[in-house]
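For reference, the structure is listed below as structure tokens.
No lab work stands behind these numbers, since they all come straight from the coordinates. All values derive from a computational prediction rather than experimental measurement. Note that each Cβ is placed from the backbone with ideal geometry, even for glycine, and that neighbours are counted across all protein chains shown.
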Amino acid sequence: MPSSSQGITNTRYSLIPRTSILLRRGESYLLLKGAPTKRLWANIYNGLGGHVERGEDVLSAAKRELLEEAGLVADLWLCGTLIVDAGETGICLFIFTGEVAGGQLTASEEGLAEWIEFEQIVGANDNSALPVIEDLPILLKRIHGMKRGDPLFFARSFYTDAGKLIVKFEE
């Protein structure tokens with residue numbers, strides 16, 4: 001169907017597809033501490049991942065990002081999606097987890113990947129010393145008990161007028 005027939009209007013989101021990879025090893029997750037030179041999220045922990053490039057599917061993009069940012073290969077599976085409300089444009093975040101299948105953990109221009117204990121991450125918004133992206137503990141709490149084959153979750157996030165982050169999961 002041509003773009004002229006897609007029903008694109010200014011009352012609907014234009015979504016930018018991105019991936020987030022939250023690899024698990026026991027009770028730890030692989031997070032990327034943003035390089036101090038980054039414009040966004042310098043010295044802040046987040047999942048690995050990034051933009052889906054034109055011509056890529058989301059799984060291929062996640063695998064590419066993981067290799068670029070950490071030098072690793074993993075058996076990934078989709079946990080869920082999160083629509084991040086950013087005004088007229090939104091982010092469609094495809095959230096993957098899995099286990100490392102190979103490679104050598106390496107640093108990249110994006111930052112340094114580190115294995116961090118789950119409890120240290122989810123406590124991060126409760127005055128922990130670990131600086132994390134605001135929605136990371138919320139998302140990790142959601143996926144921590146998930147197993148391959150479990151139903152996907154669907155969520156959206158937005159900020160209230162008072163500046164409070166809300167992440168709503170479809171129930």
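Descriptive notes on the structure:
- Dipole magnitude of the chain, debye to nearest 20 (Cβ charges: Lys/Arg +1, Asp/Glu -1, about Cα centre): 200 debye
- Cross-link reach is defined here as a Cα-Cα straight distance under 24 Å, omitting same-chain residues fewer than 8 places apart; for residue 168 the lysines meeting it are 141, 147.
- Neighbour counts of other Cβ atoms within 10 Å put 92, 79 in the fewest-to-most order 92, 79.
- Cα centroid separation - the stretch 89-167 against the stretch 50-66, whole Å: 18 Å
- For residue 35, net neighbour charge (Lys/Arg +1, Asp/Glu -1) across residues whose Cβ lies under 12 Å away: 0
- Remark: the stretch 47-58, residue by residue, has Karplus-estimated 3J(HN,Hα) of x, 7, x, x, 5, 8, 7, 3, x, 9, 8, 5 Hz, where x stands for each Gly or Pro and the curve is 6.51 cos²θ - 1.76 cosθ + 1.60 at θ = phi - 60°.
- Bridges between two residues of the chain, per DSSP, are antiparallel at a rate of about 65%.
- Calculated mean residue ellipticity at 222 nm for the chain: -4000 deg cm²/dmol, from DSSP H runs with n ≥ 4 weighted as -39500 (n - 2.57), summed, divided by the residue count and rounded to 500.
- The chain - percent relative contact order, Cα under 8 Å, separation 6 or more: 24 percent
- Sequence-ordered 3J(HN,Hα) estimates for the stretch 13-20 from the Karplus curve with 6.51, -1.76 and 1.60 and θ = phi - 60° stand at 4, 9, 9, 9, x, 9, 10, 9 Hz, glycine and proline given as x.
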